[in-house]
Structures are given as C-alpha cells and as structure tokens.
Amino acid sequence: MLTKIYNIKSLVTYDDDKNDIVIQSPKNIIIKDGTIESINLKDIDIEVDDEINANDTILSPGFIDSHTHLIFASNRADDFSKRISGQSYIDIANSGGGIKSSINSFRKTSKEEIVKDCEKKISFFLKNGTTTIEAKSGYGLSVEDELKSLNIIKELNEKFDIDLVSTFMGAHDFPPEIKDKDSYIDLICNEMIPDITSNNLAEFCDVFCEQGYFDIDQTLKISQCAHDYNLKMKLHADEFNDSGAAFIAGEIKAVSADHLMKSNELGLRNMAKNNVIATILPATTLFLGMKTYANARKMIDFGCDVAVASDYNPGSNTIYSIPSVMALATLYCGLSINEVFKAVTFNAAKALNRSHVLGMIKKDYIADILFWDINSINEIPYWFNSDRLTSVMKNGKLVFQNEIN
Ligand SMILES: [Zn+2]
C-alpha cells in the first residue's frame, strides 16, 4: 500500500544526524505499508493507492507519552476535593485514599468494564496528537490483578490504532493485605515477574523508589530480578524527597528515571554518565498544587537527555494533552521550544527504547505524523490546547481529523 502526502507547508522534526530540530519543505512524502519510504523535495511521478492533501499544514512526528498510569477503574475526584481543602498527597494516602482506593476499585471492576473505559481515554489521547502511550500496571498489586492489568494493555494494543508500551509496576505501593513488606518483594520477584514474562506481557519494570514506598535495597532487589528476566528498568525517582533514587537509576542502568523534582547533582550526573533518560512530569506538579518544578535546565547542563511526559493517572494528574504539558515544561522547567519538542518526540522514543523507529519524520521510520494549522512549532505550546491539530496519522493511516479545521 503506497500513500502520498502532498500540499505540505513544511515538516519539522528532530534530526539525529544534525542533532537539531530541522525544518524542511518537501513537495511530498511517500509512505509504504505504514513506514516512511521517501521525503521528496521535488514532485515525483509515481502511482499510489491513496493521496492525502495536507492542506498547507505543518507536519510533525506524533507525540510519544512515555509515562502514564492509563489502566485504572474509578476516578479520584474525592481525593482532589480533600487536597484543595488542605490535605497532602501523603495525608490522603494514610487515610485510605490515594493509590489504595484505586487498588480497591481496580480489583472490584471487571476487565471488560475497564477496557471499555480505557477505549474512551485512548481516543482522547489520539485526538490530542499522542500516537504512542506507555501504560503501567500497578493498581492490582496481586498476581491475579497485575496480570489483569497487563492483559488489558495487551488487548487495547491489539484492538486500537494507537501503540501501547507495557510496563509492569507491581512496586507501585504495598497492597493493604500484606503486613510484611519483604514478603511482598518476594511475591514480586518469585511470582509476578516470572508469570508476566512467561506470558510476554511487559517490556519494562518500574519501581516507586521513594520514602514511604520502596527503599533503595528493595528497589535493587526488584531491579536485579527484572534484569534476570529481561525486563528493562524505569524508576519513579525522588518525587517528594531526595531518596538517592536518581543515583541508583544510573547504577542499574535504567532506561529512564522519572519525576526527579528533588534529585541531587550527584544522582543526575550519574544518570547522564549511564545514559538514563531524565523524564520530567510537570503536569503532576501543577495538578498537586506544588510550587517547585523539576529543573530540566540543570539536567541538560549535567548532560542528561530530557523527555517530557504526562504522568496521566487518577490521583495526581488527569492532564493528558502533550501540548499543555509542553507549555508547562517551557514555562516552569527551563526548556526551550526546540528542547521540549525533542523531549516529546525523539527523547520520549528513547525513553521507550524505540528511537530507531519512532520520534522523527525520516526514511524507514513509522509514519506517525501530526498535521498542524500553525506557522511554527512555537505555536504548539503557545495555544496550550490541541485545537490547531487538524489531523493525526498513525502507521500511515489517518485516524483523526478535526472537523473545525
Ligand atoms: Zn507515575
């Protein structure tokens, strides 16, 4: 199947050969079976199966959201109401809200109901330009319920155009029925990880390495087990306190460490040395009403590649629009427009080990392309919402067209 995109205003992408954001003005782009076959500066005479008129729009790579907790059952609007009346995230967790209320509702809700609800959420992501989503388990916290969560991700990935990348996060919290924390680490290592990997249900393993959740020793134990079973590591690192998690992310050569609001210099430098992607999640900082954002400028100065993701989840952030998250990263985290653009395309692909096929508009890359009614990429965070997005292409197929445009 050959498709031609024509009438292109310009094409904006990170270019790994030039290590910069580049603007090109091709006459057309040819896509073969969902993959970019050629980007042509001159008109070429070739017979194609489908022609797509870009209507003088700017083309960019599809957004990659490399950190979400998409798979949950009920919302936590009650927690939100408690928070705005003065209770902290940790106070709410200690009084039965927080992650534990999501665990209760996830366990009680059928797989079919959760799949149905996730279908709706996925369409919201797609309409806002996200073409690949990382999705974590972590609201089940029993062997059966973690498998349920990862099977939902698998089903959604098979059923829908959008690509889901699956992360096992049994180490999101300790389940309420477990009194002895070490026995839960044993359950993760001796039952969950072997079961999940034998069913090929996850690519990554993530641990909430934070005071009050999983300490350094527990994180190292889970990471060693994940390594033995060929799961790549991610860490939730130093969100509320400096637990030394950024440094550990470097030691275990995690693919990414995420949050990093309280990380120290030694930790960030160790991440840079070990090529750990620093993923910042500014929408969560905003949603929690916190004042201090992750300092992405400092991370770049220390040599880290920075990715920006939503952290969409029922408790601490329901913002999923990448243009909105980009605006926050430029306003509060010290990123330039070019840096934030790279952070949600190429660097986000790196955070998912997919920068060889995703994150750029380039020959042999998957044709995940956004069409924008704008004059420059400055307008993507500037408009804050995604209204200027006219069409979304996934795997060479138009999957969304904005009727207003
Ligand atoms: Zn998270």
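Every number in this text was worked out from the coordinates using simple rules, so none of it is lab data. Predicted model, so just to flag it, every value in this text is computed and none were measured. Neighbour counts are summed over all protein chains in view; Cβ atoms, including those assigned to glycine, are modelled from backbone coordinates with ideal geometry.
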Task: segment 257-371, relative contact order [Cα under 8 Å, separation at least 6], % - done: 22
Open item on the list: I'd like the isolated cysteines in the chain, meaning no second cysteine's beta-carbon lies under 4.7 angstrom from theirs.
Closed with: Cys118, Cys205, Cys209, Cys304, Cys333
Open item on the list: Just to verify a number: FRET efficiency for Ser123 and Gln24, C-beta to C-beta distance, R0 = 25 Å, to 0.05?
Closed with: 0.25
Task: segment 17-30 - phi-based ³J(HN,Hα) in whole Hz, Karplus 6.51/-1.76/1.60, Gly and Pro as x - done: 6, 8, 6, 7, 7, 10, 10, 10, 10, x, 6, 7, 10, 9
TODO: With viscosity set to 0.692 mPa s and temperature to 37 °C, compute the Stokes-Einstein D of segment 18-65, Rh being the Kirkwood radius across alpha carbon pairs; µm²/s, no decimals.
DONE: 257
- [ ] For segment 76-213, state the semi-axes of the equivalent ellipsoid (square roots of 5 times the eigenvalues of the alpha-carbon gyration tensor), sorted largest first and rounded to whole angstrom.
- [x] 25, 22, 13
TODO: Please label the shape of segment 139-230 as rounded, prolate or oblate, based on the square roots a ≥ b ≥ c of the eigenvalues of the alpha-carbon gyration tensor (a/c under 1.5 means rounded; beyond that, a/b larger than b/c means prolate, else oblate).
DONE: prolate
Task: Extension gain from Asp33 to Asp217, taking 0.36 nm per residue of separation minus the Cα-Cα distance - done: 61.5 nm
Open item on the list: Less than 20 Å apart at the alpha-carbon level, and either on another chain or at least 8 residues along: which aspartates and glutamates does that give for Lys32?
Closed with: Asp43, Asp45, Glu47, Asp49, Asp50, Glu51, Asp161, Asp163, Asp364, Asp368
Task: Mean separation of Cα contacts under 8 Å (6+ apart) over length of segment 1-134, as relative contact order % - done: 25
Open item on the list: Using Cβ contacts closer than 10 Å as the measure, can you line up Leu41, Leu59, Leu141, Leu126 from fewest to most?
Closed with: Leu41, Leu126, Leu59, Leu141
Task: Rel. contact order, % - alpha carbon contacts under 8 angstrom, at least six apart, the chain - done: 18
Open item on the list: What do you get for the angle between helix 99-108 and the principal long axis of the chain? Use alpha-carbon atoms, 0 to 90 degrees, nearest ten.
Closed with: 80
Task: Proximal charge balance of Phe240 [Cβ under 11 Å; K/R count +1, D/E count -1] - done: -3
Open item on the list: Neighbour counts of other C-beta atoms within 10 Å: give me Trp372, Trp383 arranged from fewest to most.
Closed with: Trp383, Trp372
Task: Calculated FRET value between Lys116 and Asp301, using beta carbons and R₀ = 60 Å, to 0.05 - done: 0.85
Task: Helix-only CD estimate at 222 nm, as mean residue ellipticity for the chain, using -39500 (n - 2.57) per DSSP H run (n ≥ 4) - done: -9500 deg cm²/dmol
Open item on the list: For the chain, take the longest principal axis of its alpha carbons; what is the angle in degrees between that and the long axis of helix 216-228, to the nearest 10 within 0 to 90?
Closed with: 60
TODO: Read phi for every residue in segment 365-372 and hand back ³J(HN,Hα) as whole Hz from Karplus 6.51 cos²θ - 1.76 cosθ + 1.60, θ = phi - 60°, with x for Gly and Pro.
DONE: 8, 5, 7, 9, 9, 9, 10, 10
Open item on the list: Less than 12 Å Cβ to Cβ from Val357, Lys/Arg counted +1 and Asp/Glu -1: what total charge do the surrounding residues give?
Closed with: +1
Task: Low-density loop positions, trypsin sites (Lys or Arg not before Pro), segment 83-186 - DSSP coil, at most 15 other Cβ in 10 Å - done: Lys179
Task: Cα-Cα over 19 Å, subset of Lys159/Lys232; Lys181/Lys234; Lys127/Lys350; Lys232/Lys350; Lys116/Lys232 - done: Lys159/Lys232; Lys181/Lys234; Lys127/Lys350; Lys116/Lys232
Open item on the list: Suppose the chain between Asn104 and Asn55 were pulled fully straight at 0.36 nm per residue; how much longer would it get relative to their current alpha carbon spacing?
Closed with: 12.8 nm
Task: Ranked Val306, Val255, criterion: other C-beta atoms within 10 Å, fewest first - done: Val255, Val306
TODO: Calculate, in nm to one decimal, what Ser85 and Glu144 gain on full extension: separation in residues at 0.36 nm each, minus their alpha carbon distance.
DONE: 17.6 nm
Open item on the list: With 37 Å as the cut-off, how large is the P(r) tail for the chain, expressed as percent of Cα-Cα pairs?
Closed with: 20
TODO: Report, to the nearest 10°, how far helix 322-332 tilts away from the longest principal axis of the Cα atoms in the chain, using its own Cα long axis and a range of 0 to 90°.
DONE: 70
